[in-house]
1. Between beta-carbons, use under 15 Å as the cut-off and find the net charge around E65, counting Lys and Arg +1, Asp and Glu -1.
2. Where in segment 214-234 is the amide nitrogen less than 19 Å from a point lying 7 Å along the Cα-to-Cβ axis of N283?
3. When only C-alpha pairs under 8 Å and at least 6 residues apart count, what is the relative contact order of the chain, in percent?
4. Run the helix sum for the chain: -39,500 (n - 2.57) per DSSP H stretch of 4+ residues, divided by residue count, reported at 222 nm to the nearest 500 deg cm²/dmol.
5. Is the shape of segment 203-247 rounded, prolate or oblate, going by the alpha carbon gyration tensor and its root eigenvalues a ≥ b ≥ c, with a/c under 1.5 for rounded and a/b larger than b/c for prolate?
6. Ranked highest first by average number of other Cβ atoms within 10 Å, how do 272-282, 258-268, 296-306, 90-100 line up?
7. Shape of the chain from its Cα gyration tensor (a ≥ b ≥ c, root eigenvalues): rounded if a/c is under 1.5, otherwise prolate when a/b > b/c, or oblate?
8. Could you check the simple spin-label distance between A35 and R324, using points 7 Å along Cα→Cβ, in nm with one decimal?
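Please treat every number below as a calculation from the coordinates, not as lab data. Because the structure is a prediction, the values reported are computed rather than measured. In this analysis, Cβ positions are derived from the backbone assuming ideal geometry, glycine residues included, and neighbour counts consider all displayed protein chains.
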Amino acid sequence: MQLRLIAASDMVPFVDSLIAAQRIAGPQKRAGAVAFDDLSAGRELRLEYTTTTLPPKKFVMPPRERLFSFSRGDTLEVTAPAAPEPLVLFGVHPCDLAALQLLNRAMTDTHCDPNWAARWESLTIVGVDCMPDEWCFCASMGTCKPVAGFDLFLTDVGDDYVVQIGSDEGRALLEAHATVKDATGAEQALAEFEEQKLRSFSKSLTVEKKQLPLLFTKLQDSPVWEAQAKSCLACGTCNLACPTCFCFDVWDTMELNMREGSRSRRWDGCLLKDFAAVASGENFREESSGRFRHRYFRKFDYLPTRLEGLYCVGCARCSSRCWRTATTSAA
Ligand code: SF4
Ligand code: SF4
């Protein structure tokens, strides 16, 4: 991996130069929190943040989108959405990089989702390292260190950012927009950062990641699901905030002329009561304990069996945003 340094004071000019050239989105202050949004000035960027409520997947799979429009005349005409504008996604944490890789695997496996693929192809990703908050357990999931899925990756080591170059596209971005220095001392600084990060976790799993699928094969009839689901409100927050959840609902809209219409989709959540309801009136997971169990099995059994890799990256959005955990922690 090739390394460079960017002086901390040169970061805003770097981002401003990118903004002048193309669309760029990154973490910034929004209503007292930090959220990913389009950037209009480099000074808006907040690179020291913990975890955003909504993950950056929203730029590749928007919460709501039109899939295509259609028009019925003598023949049926279908119009695909316009090609997405190239986007630099700036400031993505290692766990969210891992989540995007998992999502890409799911969305392009047996059936390649064209809307996802078009946005994925138009992305350039600049990651940034972080320190864990009191919820993160990404070290247990093996996602606290960036391994793939970025064009550039930044680590704040004081007066400078160490830049890891992950692709030719990333290198071109640096050459065109950033003032860089030789990476003298960068490897040592990265090693120290990593050591400090690993020391900073207050949450971890009590079993090894590789044992999780085996553990789940024994948990199908465990009373834990019913016990845990008793306090679940079926609000779906855990699904919506999760960077690796990708279920969606699809609906058609017809214009009053009954000739033109469109097909759209929006994020769905398996904890919501109607998620497994079908047109004939049955609901395959009417009880919250069944929905609760399904979510965990999907992360640690069903998807890993089909696609490889556990579908949890340890970001803890599901627990930190759930009223159940917040109530327990406050007590
Ligand atoms: S966020 Fe908590 S209360 Fe809401 S559906 Fe998920 S587990 Fe249930
Ligand atoms: S299941 Fe929870 S901890 Fe795991 S990736 Fe999803 S939101 Fe993060």
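1. +3
2. 225-234
3. 22 percent.
4. On the way: 13 runs with 106 residues, N = 331.
Mean residue ellipticity, 222 nm, calculated: -8500 deg cm²/dmol.
5. oblate
6. 90-100, 296-306, 258-268, 272-282
7. Oblate shape, in that a/c is at least 1.5 and b/c is the bigger or equal ratio.
8. Computed distance between label sites A35 and R324 equals 2.6 nm.
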